[in-house]
Each structure stands twice: as structure tokens, then as C-alpha cells.
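Notes follow the structure.
The values are calculated or read from the model by the stated rules, or taken from the named source; none is laboratory data. Note that the structure is predicted; figures quoted are calculated from it, not measured. Every residue, glycine as well, gets a Cβ built from its backbone with ideal geometry; the counts of neighbours run over all protein chains shown. Heads up: the accessible areas ignore ligands, DNA and RNA and are worked out on the full protein's heavy atoms, side chains in. Shrake-Rupley method; radii C 1.70, N 1.55, O 1.52, S 1.80 Å.
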Amino acid sequence: MRGLSDTELESKNVLLRTDLNLPIEDGEPQKTVRFERYLETIEEISEKGGKTLIVAHQGRPSRSDFLSLEDHAKILSDELGKDVELVKSFFGSELGEAVASIQEGDVKLLENIRLLSEELQNLPAERHANDYFVENAEKYFDIYVNDAFSAAHRSHASLVGFNSHLDDYAGLVMERELESCRKIRDELDSPTLVLGGEKPSDIIGMLEKMIDDVEKVLLGGVPGELALVIEGNSLGEKKQWLEQQGLDGSKDELEALLDEHGEKFVLPEDVRTADGNQEVGEVPEDAMVWDIGEKTEEKFAEKIRESDSVLMKGPMGAFEDHPSGTKTVVEAIAENNGFTVLGGGHTSSLVQRFDHDLEEFSHVSIAGGAFVRFMSGEKLAAVEALR
């Protein structure tokens, strides 16, 4: 796979697929760690004299966050210190003229690519290579750069369709994510996994891929609660809630892993409810579990500090209102001098939430679904297209 250091960018028309999908508050996109990371590649191409048209998406049809990229263009203009025009046409002379007018080092942004219906179809790369948008747009560019690791699991037109038409390269984020995630998945001896979050289904593939080589698996969040239920512990109202939310769908797979590798799993000893700490198995029937308890968080922190390498995916509980368990775990990982990775969904946001710097961790992944799939050993469509 080739990166930006393998090509000359000056005066080249660069089609850059990145990920500017941002959280929306009061109708306005909000900058995040993800945005700041992807900005690095945009700046790199600009500084080396490339003429860049960015392709990105925001939300998806029928959802409230499915918006124009007009405000994204304004944010990019402020961050780059230069005007970033929003190109509203996907086809024809208007697109061609917009690309032709880009000067060396300048940047333009194409309108939300998911306004095109073909962009939402998961089809093989060879099919997308023949899409009308791809065939008509590729003639305006010299180079295709894919930096959208967080969308790399989707086989959409802008992610896999241009590779057969143009010289293709991985962006800085794509290279860094693949290198760091591959290292902890495939190369490290006996890492410790800290797994939580809301979806037990997300961690099953990771466990099946990595369990033989890990030292310990610290289970918190919903996966930890489901494991406690599997072992026959009473968790008050939480058991019924898990069933109502359909979060027990991976119960059989998790139970099989616990049966076969039980010595590697560390489950919560106590939990937090609205009334405070409760020993596992002693949670009142009318109580709801929100977080791991004090003894558990200290035990998890001790295990983390003893580890040579750590991968965390997902918070330990409902961290917005009950942050203690997650905060303690993240602090312990920040103090670890080994190789440490945070990734998946909410996890990267915990760095800023708990006042840590990105540099305190070896790698903080900005991807959700792509991170989980890669760590589970699945092939990512956009990565395969770059090979």
C-alpha cells in the first residue's frame, strides 16, 4: 500500500476521500478529535502544492444529522486559513470547472456525497468503478487519496470506485490507524483487553480473534453485565433491560468464550446503582446498574498498570452521568508506559472528556465500526481497494 510520501503532490489534482462526519448540536457541526486528525492530511497535501477536492459525507438520509457540508466548508476555511469553496455539482462541466479553478495548495469541498443514491450501495469495487459519478469524475484528477479509515468498512462508490481509475494512496490517518491497530492485534505478546460499551456483539469478533494471545480480558459496560447474568448473578432491573434492548443477542457466543477461556476473564465484583456500590449478586430487584463499582475499578486499574500493553474499547458504564469507573480505567491506561490503544465508538472522546492529551496514549483510534471489524480480523473494503 502506497502513502503520500510515495508520490509527488505539487500541481497534481488530488481527489481526497476523508471523513468529516461530525456530531450535530443545535443544527451545527461540532469539531472533534476525528476532525482534527483528518485535517492533518488535508494540510499535508496543501503544503506540498496539491490541488485538492475533498469528498466526504455527513449523516445518512432520513436521519437528523443528514445535512449539507456548507458549514463544514466554513470550519475548514477557518482551520486552514484560506477560503474553502463548497462545490455543489457532482457532474459535468460545473464539476470540471470547479476542479480546474483550484490553485496549488488550495482546497475545495464537494457537497455531501451521500446525496448520491449510488454512494449508499454496498457493492464490489469493480461495480462501483462503473458508477456514473466515478466514471465522470475520475477524468478531472491525477491522484486518489483515501484517508477515511473510519468509513473503510463500507464498500461505497467514493471509497472503492476510483482505485482502478487513478493512482491511489493511503492518507496519513489511514496509514497510522492500520499500523497501530495491526500491531496490537497481531504483534504484541499477551496484551490486556479492556472491553465495555453498549454492544456485546461488537466485542465477540475481537475476542474470537485475539483471545488465545491475550493475558487478561477486563469486562465492563454491557458486556460485563451480560457476563454476570450468564454466571447467574442478580443485577436488579438490568437483566430485563438487556433483554428489552436486544443486547443479549450475543449471549451464547459470550458464554462459550467464558466457558473455554474463563481464566482470562476478569468480571466486575461490585457495581454502582443510584444508591451507591452494590456487591454483585446483592443488587436490589428494583435497582438499575449504571457502572462498575469502586472495588472493580481499582482492580481493573491495578491489572492495567501491571500490563505491558493495553487495548480499550468502550466505556465501563453510562459514563455521561456515571463517569467514575471509566475515568479510573482511562487514567490507569494513561499512566501505563507500555503500548496503549484506545478505540471504537465513544472511546476516543473519553480522552478529552477526562482532560487527557492524545500523547498520553500510543494510539487513539478515531474509528468505530471500522476499528471493531479490523480488530476482529475482517477485511475492510476500502483498505483492500488500496492494496
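Taken over the stretch 78-106, the criterion of being under 25 Å from the mean Cα position of the chain (by Cα) and of a type outside the set (D, E, K, R) is satisfied by L80 alone. What do you reckon, is E285 in a loop (DSSP other than H, G, I, E, B) and open to solvent by 50 Å² or more (accessible area, probe 1.4 Å)? Yes: the conditions hold for E285. Among the residues of this structure, E126 counts as one that is out of contact with any His (no Cβ under 6 Å at 6 or more places or on another chain), part of a helix (DSSP H, G or I) and of a type in the set (D, E, K, R). Summed over the stretch 206-215, residues that are over 16 Å from the mean Cα position of the chain (by Cα) and closer than 24 Å to E243 by Cβ total 2.
Taken together, the residues in the stretch 129-180 that are basic (K, R) and at pLDDT below 95 amount to 1.
Inside the stretch 28-49, can you point out the residues that are open to solvent by 20 Å² or more (accessible area, probe 1.4 Å), of a type outside the set (D, E, K, R) and within 15 Å of S365 (Cα to Cα)? Walk me through how you get there before you give the answer.
Filtering the stretch 28-49 for residues open to solvent by 20 Å² or more (accessible area, probe 1.4 Å) gives 28, 30-32, 34, 36-37, 40, 43-44, 47-48.
Checking which are of a type outside the set (D, E, K, R) leaves us with 30, 32.
Matches in the stretch 28-49: T32 only.
Would you say L109 is closer than 24 Å to R34 by Cα and open to solvent by 40 Å² or more (accessible area, probe 1.4 Å)? For L109, the condition - closer than 24 Å to R34 by Cα and open to solvent by 40 Å² or more (accessible area, probe 1.4 Å) - is not met.
Each residue in the stretch 142-164 was checked for being touching a strand residue (DSSP E or B) at 6+ places or on another chain (Cβ under 6 Å) and either among the aromatic types (F, W, Y) or open to solvent by 20 Å² or more (accessible area, probe 1.4 Å) (or both), and 3 of them qualify.
Residues to consider are L115, L86; find the one that is open to solvent by 60 Å² or more (accessible area, probe 1.4 Å), more than 30 Å from C181 (Cα to Cα) and among the aliphatic types (A, V, I, L, M). Spell out the reasoning first.
Values: L86 fails: open to solvent by 60 Å² or more (accessible area, probe 1.4 Å).
Just a single option satisfies the conditions, and that option is L115.
Looking only at the stretch 289-302, how many residues end up being open to solvent by 10 Å² or more (accessible area, probe 1.4 Å) and either touching a strand residue (DSSP E or B) at 6+ places or on another chain (Cβ under 6 Å) or closer than 14 Å to T326 by Cβ (or both)? Full working, then the answer.
At the first step, the residues of the stretch 289-302 found to be open to solvent by 10 Å² or more (accessible area, probe 1.4 Å) are 290, 294-295, 297-299, 302.
Add one more test, that the residue is either touching a strand residue (DSSP E or B) at 6+ places or on another chain (Cβ under 6 Å) or closer than 14 Å to T326 by Cβ (or both), and what stays is 290, 294-295, 297-298.
Residues flagged as open to solvent by 10 Å² or more (accessible area, probe 1.4 Å) and either touching a strand residue (DSSP E or B) at 6+ places or on another chain (Cβ under 6 Å) or closer than 14 Å to T326 by Cβ (or both) within the stretch 289-302 amount to 5.
Among the residues of the stretch 59-70, the ones that are within 20 Å of L95 (Cα to Cα), in contact with a strand residue (DSSP E or B) (Cβ under 7 Å, 6 or more places away or on another chain) and of a type outside the set (A, V, I, L, M) come to 1 in all.
Yes or no: the stretch 59-77 includes at least one residue that is over 25 Å from the mean Cα position of the chain (by Cα) and in contact (Cβ under 8 Å) with a residue 12 or more places away in the chain. Scanning the stretch 59-77, I find no residue that is over 25 Å from the mean Cα position of the chain (by Cα) and in contact (Cβ under 8 Å) with a residue 12 or more places away in the chain, so the answer is no. Scanning the stretch 308-327 for residues that are crowded, with 24+ Cβ neighbours inside 10 Å and of a type in the set (G, A, S) turns up G314, G317, G325. Taking first residues from the stretch 309-336 that are free of Cβ contacts under 8 Å to residues at least 40 places away in the same chain and closer than 16 Å to P191 by Cβ and partners that are open to solvent by 20 Å² or more (accessible area, probe 1.4 Å) and of a type in the set (D, E, K, R), the Cβ contacts under 6 Å between residues at least 6 apart in sequence or on separate chains come to A332/R305. For the stretch 268-281, filtered to residues that are in contact with a Gly (Cβ under 6 Å, 6 or more places away or on another chain) and either open to solvent by less than 30 Å² (accessible area, probe 1.4 Å) or modelled with pLDDT under 95 (or both), the residue that is nearest to L218 (Cα to Cα) is P268.
Kindly indicate whether V330 is outside any helix (DSSP H, G or I), open to solvent by less than 50 Å² (accessible area, probe 1.4 Å), within 26 Å of K209 (Cα to Cα) and not small (G, A, S). Write out each step before concluding.
On the way: outside any helix (DSSP H, G or I): no; open to solvent by less than 50 Å² (accessible area, probe 1.4 Å): yes; within 26 Å of K209 (Cα to Cα): yes; not small (G, A, S): yes.
So V330 fails the test.
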